[in-house]
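Novice: Before anything else, here's the structure in question.
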Amino acid sequence: MAELLRSLQDSQLVARFQRRCGLFPAPEEGPPENGADPAEDAARALGLEHLSDANGKGGGGPANGLRRVSAPQASVQKYIVKNYFYYYLFRFSAALGQEVFYITFLPFTHWNIDPYLSRRLVIIWVLVMYIGQMAKDILKWPRPFSPPVVKLEKRVIAEYGMPSTHAMAATTISFTLLISTMDRYQYPFVLGLLMAVVFSTLVCLSRVYTGMHTVLDVLGGILVTVVLIVLTYPAWTLIDRLDSASPLFPVCVIVVPFFLCYNYPVSDCYSPTRADTTTILAAGAGVTLGFWINHFFQLVSAPAESLPVIQNIPPLTTDMVVLGLTKFVVGIVLILLVRQLVQNLSLQVLYSWFKVVTRNKEARRRLEIEVPYKRSKERKSPDTTLQC
C-alpha cells in the first residue's frame with residue numbers, strides 16, 4: 001500500500017500524463033549560467049527549490065523537501081503544446097473549479113433554475129472547501145516538482161497540494177446537484193449520473209494536466225468529499241430550514257466565519273490559501289444571510305417542504321431565454337459593482353485604522369487586514385436583488 005501511495009504521488013506520473021496529452025517543456029535556451037544545474041534553475045523559476053539529499057543539498061530544509069522562495073509569480077515556464085484539443089479542453093475544465101465559475105453558475109442557478117438548489121449547493125460547497133483548504137495547510141504536502149512537470153498556473157503555486165480543492169469542489173457541486181434533484185425533478189437518472197461523472201472527471205484530470213496536483217492529491221480530494229457528503233446528508237433537511245431560524249441566527253452567521261478565519265492554521269510562509277478560504281466563508285455567510293432576510297421580512301414566499309415531481313419540464317421559449325439572460329446579466333453586473341465598491345472602501349478604512357501606507361500591498365497579507373478585507377466580499381443572496 002505504501003508503494004502504491006508513493007507511486008500516485010510521484011511527479012513523474014504527472015509528467016507522463018502531460019506528455020501523453022501533448023504538453024512538453026520547452027528546451028533550454030542557451031547554456032546554464034555559472035554552471036548551475038538546469039533542473040535546479042527550472043525549479044527556482046517556479047518559486048520552488050527541491051532540496052534533495054540525493055544531490056547533497058538537503059541540509060536545513062523542511063521535512064517535505066521543499067523550500068519556498070519569494071515572488072513565484074515573477075516568471076513563466078515555457079512549454080510546447082502538440083495537442084491543442086487536450087490543451088483547451090483541460091484549461092477550460094480547470095476554469096470550472098475557479099471563482100469565475102462559482103460567481104456565474106451559482107447565481108444563475110438561483111435566478112433561473114431553483115433557489116432551493118442554489119442554497120444547498122452554496123452551503124455544502126462552503127463546508128467542503130473550508131475543510132479542504134484547512135487540510136492543505138495542516139498536511140503541507142508539496143505540489144508536483146518542476147521539472148519534470150510543466151506548471152500552467154502561477155497564482156496557486158505557493159499553496160500546498162493535498163487535497164485538491166478543485167477536485168473537491170467539482171465532486172461537491174456535481175453530486176450535490178444530482179442528489180438534490182433526484183426527488184425534485186423527473187429526468188433519466190443515468191443521464192444525470194453521467195453528467196456528474198463527466199463534469200467532475202474533467203475538472204480532476206485538468207489538475208493533473210496543468211501540473212498543479214499529483215494523482216494522489218486528486219484522489220484524496222474525491223475521497224474526502226465523498227465522506228463529507230455521506231456524513232452530512234442526514235442533516236441536509238436541517239440546512240434547508242436555516243432561513244427560518246431565530247432572529248439571533250444572523251449573529252452566528254457573522255461570528256462563526258470570523259472565528260474560523262482568525263483561527264485558521266498558521267503556515268510557514270504566506271500563501272493565498274487563507275485569503276481564498278476567507279472569501280469562501282464570506283460568500284457562504286452572505287448567501288445564508290440573504291435567505292434569512294427574505295424569510296424573516298417575507299420578501300419572497302416560503303418554498304414548500306416537498307414539491308411534487310415535475311412530470312414534464314416545460315420547453316424553453318424565447319421569452320424565458322430573454323428573461324433569464326436579462327436577470328443574469330443585470331445581476332452579475334450589480335454583484336461585480338457592489339463587490340468592487342465595498343472592497344475598495346473596506347481596504348481604505350482598514351489602512352486608515354491600522355495606519356498603513358496605502359501603496360503598501362504587502363500590508364494586505366496581515367491577518368488583521370486580510371480577513372476583514374476578504375470578508376467584504378460577503379454580500380446578500382442574489383434573490384434580494386433580482387426577483388422577476
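The values are calculated or read from the model by the stated rules, or taken from the named source; none is laboratory data. Since we're looking at a predicted model, the values are computed, not measured. Every residue, glycine as well, gets a Cβ built from its backbone with ideal geometry; the counts of neighbours run over all protein chains shown. Calculation scope for accessible area: heavy atoms of the full protein, side chains included, ligands and nucleic acids excluded. Shrake-Rupley method; radii C 1.70, N 1.55, O 1.52, S 1.80 Å.
Novice: For the pair residue 263/residue 88, report the inter-label distance in nm, with labels modelled 7 Å from Cα in the Cβ direction.
Specialist: Going from the residue 263 label point to the residue 88 one covers 4.9 nm.
Novice: Using a 7 Å offset from the Cα along the Cα-to-Cβ direction at both residue 78 and residue 254, what is the distance between the two label points in nm, to one decimal?
Specialist: 5.4 nm
Novice: Can you give the accessible area of residue 154, probe radius 1.4 Å, in Å² rounded to 10?
Specialist: Result for residue 154: roughly 90 Å² accessible.
Novice: Students often check this: by mean Cβ neighbours within 10 Å, which of 118-125, 107-114, 88-95 ranks highest, and how do the rest follow?
Specialist: Final packing ranking: 118-125, 107-114, 88-95.
Novice: Let me ask another. Between residue 17 and residue 155, with labels modelled 7 Å along Cα→Cβ, what's the label distance in nm to one decimal, could you check?
Specialist: Going by the 7 Å Cα→Cβ label model, 2.1 nm.
Novice: Give me, ordered by chain and number, the residues 5 or more places off residue 23 or on other chains with an amide H under 5 Å from its own placed amide H.
Specialist: Residues meeting the criterion, in which the H sits 1.01 Å from N, are 82.
Novice: If r is the Cβ-Cβ distance from residue 239 to residue 28 and R0 is 41 Å, what FRET efficiency results, to the nearest 0.05?
Specialist: Approximately 0.15, to the nearest 0.05.
Novice: Moving on to the next point. Beyond a 30 Å Cα-Cα separation, which of these cross-linked pairs lie in this structure: 78/136; 136/327; 78/327?
Specialist: 136/327; 78/327
Novice: Follow-up question, since we're still on this one. Quick one: which residues, 5 or more positions from residue 79 or on another chain, have an amide H under 5 Å from its amide H? H modelled 1.01 Å from N in the peptide plane, none for Pro or chain starts.
Specialist: For residue 79, whose amide H was placed from the backbone, the distant partners under 5 Å are 26.
Novice: Measure off, as a whole percent, the carbon and sulfur share of the 1.4 Å-probe accessible area of segment 110-266, all protein chains present.
Specialist: With neighbouring chains kept in place, the figure for segment 110-266 is 79 percent.
Novice: Would you please calculate the Kirkwood hydrodynamic radius of segment 171-226 over all C-alpha pairs and express it in Å, rounded to one decimal?
Specialist: 12.1 Å
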